[in-house]
1. Give me the residue from segment 210-221 that is in a helix (DSSP H, G or I) and open to solvent by 10 Å² or more (accessible area, probe 1.4 Å) and, out of that set, farthest from ligand 2 (Cβ to nearest atom).
2. I'd like to know if segment 16-27 contains one or more residues that are free of Cβ contacts under 8 Å to residues at least 40 places away in the same chain, of a type in the set (Asp, Glu), part of a helix (DSSP H, G or I) and open to solvent by 60 Å² or more (accessible area, probe 1.4 Å).
3. Out of (1) of a type in the set (Ser, Thr, Tyr); (2) within 30 Å of residue 233 (Cβ to Cβ); (3) not in a loop (DSSP other than H, G, I, E, B), the odd one out for residue 334 is which?
4. Residue 280 - would you say it is at pLDDT below 95, open to solvent by 20 Å² or more (accessible area, probe 1.4 Å) and within 16 Å of ligand 1 (Cβ to nearest atom)?
5. Tell me which residues, restricted to segment 133-151, are under 18 Å from the mean Cα position of the chain (by Cα) and within 10 Å of ligand 1 (Cβ to nearest atom).
6. Among the residues of segment 352-370 satisfying the criterion of being of a type in the set (A, V, I, L, M, F, W, C) and exposed (fewer than 15 other Cβ atoms within 10 Å of the Cβ), which is farthest from residue 177 (Cα to Cα)?
7. Is there a residue in segment 113-123 that is within 18 Å of the chain's Cα centre (by Cα) and within 16 Å of ligand 2 (Cβ to nearest atom)?
8. List the number of the failed condition for residue 381; all other conditions in (1) touching a Cys at 6+ places or on another chain (Cβ under 9 Å); (2) in a helix (DSSP H, G or I); (3) β-branched (Val, Ile, Thr) hold.
Amino acid sequence: MNVHDSEKMLGILHGQGYARAESPEGADLIIFNTCAIREKAEQKFYSQLGRTKMLKRRRNEVKIAVAGCVAQETKERLFGRAPYVDFIVGPQNIHLIAETIGGERRTALLDDNRELASTEVAARRGSEIKAWVSIMFGCNNFCSYCIVPLTRGREVSRPSSAIIAEIRSLSEKGYKEVTLLGQNVNSYCSDITFPQLLRRIDALGIERIRFVTSHPRDLSDELIRAVAELPHVCEHIHLPIQSGSREILSRMNRGYTYEEYMVKIEKIRSEVPHVSITADVIAGFPGETSRDHEETLRALRAIGYDGIFAFKYSPRKGTKAAEMDDRISDEEKSLRLGEILKLQEEITLRKNRALEGTVQEILVEGPSDTDGTLLMGRTRTNKIVTVAGDGYVQGSFVQVFIEQARHHSLSGKPLPC
Ligand code: SAH
Ligand code: SF4
């Protein structure tokens with residue numbers, strides 16, 4: 001979501017005649033687009049911000065702006081903490097960035113923006129093949145650990161006509177894939193529902209449609225049916241479980257039990273053949289006993305995700321969980337996170353091995369990060385595949401015979417067209 005917000009800011013600035021600088025040293029304007037989801041992200045930002053102080057000392061005309069969730073969370077206090085910051089722009093106000101940075105005075109744009117969903121911003125995208133498309137903003141869920149509702153505000157959905165116009169234009173420009181973005185895409189609610197929106201987008205003909213993130217509580221049968229039936233909607237669902245323990249899920253205010261979650265997983269698997277399912281998991285939530293932790297491990301074994309993102313619980317000021325006193329030590333959180341990741345690595349490898357000997361369609365994205373002589377693409381189920389690169393261009397679809405599975409990727413041989 002932040003990457004796409006940066007693309008939007010780049011789009012606005014480009015329209016104002018700005019061009020991207022090669023390095024902070026050569027820039028007249030430096031924008032930090034920050035994330036506040038965990039303390040580590042915030043710390044990284046502050047250490048980077050500290051370095052720009054020197055740049056400002058050398059060239060006083062350099063302007064420094066802080067955008068994103070840390071900006072929204074810290075508000076004007078940030079001017080006190082870092083007096084060399086010129087502008088503060090919260091995530092609901094990035095459309096105003098051009099006016100802000102054009103001014104001379106220190107400004108903070110932090111108001112709730114109820115017009116967010118009807119404010120259109122032309123993004124300058126990093127890829128010519130895959131595009132992020134915002135469909136809704138904010139979150140009403142108030143999971144007890146999470147800062148997002150406090151920084152991104154209440155849920156608002158973009159009108160379907162604006163989303164469809166954006167995707168139609170992307171398709172005309174040759175984009176092959178869109179990922180619909182929202183903190184909780186399946187609570188999309190405008191003139192139509194999320195499954196109806198998927199059906200309309202599918203009819204546009206763009207080759208691949210993905211969406212993140214779905215909340216388990218709001219995952220309806222109608223949505224599962226849409227994923228099963230629509231030819232362009234990819235067979236991948238990211239469905240964060242967070243914990244396998246009933247007690248912890250309740251303290252997290254997630255709105256489902258492990259059993260209810262499992263019913264959805266079974267339903268997805270029975271209706272969408274070869275679907276891949278991924279999730280987020282939090283280790284060491286306040287009050288998590290070793291038994292609760294074991295229940296999360298048991299859930300991972302029972303569900304067999306294709307992959308997970310797992311994090312140590314990080315207390316966020318202003319959230320309910322930050323007030324809970326039965327904190328888990330950092331050492332214990334690290335141990336639990338390590339166990340979660342180790343178990344999942346084995347499961348992911350097993351899942352990937354099951355694909356050896358199969359043929360998978362990949363969308364070629366470009367040279368592989370790890371070996372520039374190879375090309376990298378993704379399957380419809382979002383698995384990374386590397387292939388020998390001769391003769392295939394970015395944005396093409398290639399059928400690949402999978403030869404070898406690794407922990408985080410697959411490799412194979414392209415089949416002749
Ligand atoms: N809206 C999405 C995800 C939002 S944040 C959802 O509900 O699934 C992405 C992930 O960050 C969350 O799924 C959660 O696993 C993690 N996360 C959020 N707040 C956190 C915190 N305080 N500490 C650790 N992980 C956190
Ligand atoms: Fe945060 Fe929960 Fe909203 Fe996701 S659903 S953004 S975890 S409050």
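The values are calculated or read from the model by the stated rules, or taken from the named source; none is laboratory data. What you see is a predicted model; the values in this text were computed from it and never measured. Note: ideal-geometry Cβ built from the backbone for every residue, glycine included; neighbour counts use all protein chains shown. The protein model used for the area step is the full one, side chains on, heavy atoms only, and it has no ligands, DNA or RNA in it. Shrake-Rupley method; radii C 1.70, N 1.55, O 1.52, S 1.80 Å.
1. Here is the first cut: in segment 210-221, the ones in a helix (DSSP H, G or I) are 216-218, 221.
Add one more test, that the residue is open to solvent by 10 Å² or more (accessible area, probe 1.4 Å), and what stays is 217-218, 221.
Numbers: 217: 9, 218: 9, 221: 20 Å.
Result: 221.
2. Within segment 16-27 (the criterion being free of Cβ contacts under 8 Å to residues at least 40 places away in the same chain, of a type in the set (Asp, Glu), part of a helix (DSSP H, G or I) and open to solvent by 60 Å² or more (accessible area, probe 1.4 Å)), the answer is yes, since at least one residue qualifies.
3. Exception for residue 334: condition (2).
4. Here the answer is no, as residue 280 does not meet what is asked.
5. If the condition is that a residue be under 18 Å from the mean Cα position of the chain (by Cα) and within 10 Å of ligand 1 (Cβ to nearest atom), then 139, 141, 143, 145, 146, 147, 148, 149 are the ones that fit.
6. 354
7. No, the conditions are met nowhere in segment 113-123.
8. Result: residue 381 fails condition (2) only.
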